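The values are calculated or read from the model by the stated rules, or taken from the named source; none is laboratory data. Owing to the predicted nature of the structure, the values given are computational and were not obtained by experimental measurement. Protein only, heavy atoms only, side chains kept; ligands, DNA and RNA dropped before computing areas. Shrake-Rupley method; radii C 1.70, N 1.55, O 1.52, S 1.80 Å.
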Amino acid sequence: KNTIQHLKRAALRVQKNHPKSHNVTVGDISYRGGGRMKPHLSHRQGLDADIGYYYRDGRFRKWFAKTSANQMDAKRQWTFVNALLETNEVQYIFMSYRLQRRLYKEAQRRGVSKKRLRRIFQWPRRWTHRVGIIRFERGHHTHMHVRFKRPAIK
């Protein structure tokens with residue numbers, strides 16, 4: 001439930017700040033009630049979501065497509081990612097190392113402090129270092145993978 005709400009709010013933030021944006025493509029989250037969702041190693045409890053990138057050409061992609069740094073709309077993508085990060089509920093975001101670089105540069109351009117950039121991004125550290133919320137994981141050049149923190153039991 002929280003996963004869907006966070007994704008909707010982030011997408012609405014993009015629509016508000018960047019009118020006429022295409023919709024974001026949402027892929028696998030989990031089965032209702034949980035359980036293994038092949039071929040994923042995660043996506044079992046509704047904490048993981050595969051999300052497509054925003055594109056500079058403004059066209060909506062129904063399916064995930066290989067995305068280069070030049071194709072990704074960094075302004076819209078940063079608005080979306082930053083809205084997710086502001087929830088303080090994101091554990092990880094996996095994305096291609098090249099796309100991280102482009103997103104990092106956009107966040108930097110928008111005035112994000114060096115300290116916050118270092119906490120958020122793995123880039124420019126080597127892709128083998130497992131640091132930052134946004135980090136490299138193979139297979140994320142067509143989409144990003146968002147992992148939300150497990151909600152506290154009340």
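All C-alpha pair distances within segment 91-140, sorted into 5 Å bins from zero, spread as 5, 24, 36, 23, 9, 2 percent across the bins. Pairs from the list Lys20/Lys62; Lys8/Lys149; Lys62/Lys105; Lys66/Lys115; Lys20/Lys115; Lys105/Lys149 with a Cα-Cα gap above 22 Å: Lys62/Lys105; Lys66/Lys115; Lys20/Lys115; Lys105/Lys149. Projected onto planes of every orientation and averaged, the convex hull of the alpha-carbon atoms in segment 70-154 covers 6.0 nm². Average accessible surface for segment 61-154: 60 Å² per residue, computed with a 1.4 Å probe over protein heavy atoms with every protein chain in place.
Could you check how much of the accessible area of segment 49-154 is carbon and sulfur, as a whole percent, using a 1.4 Å probe? Solvent-exposed carbon and sulfur of segment 49-154 make up 49 percent of the total.
Computed extension length for Asn88-Lys66: 5.1 nm, one decimal, from 0.36 nm per residue of separation with the Cα-Cα distance subtracted.
So between Arg119 and Lys8, what do we pick up on full extension, going 0.36 nm a residue minus the alpha carbon distance? Walk me through the intermediate numbers first.
Values: separation 111, 0.36 × 111 = 39.96 nm, distance 2.45 nm.
My answer for the length gained is 37.5 nm.
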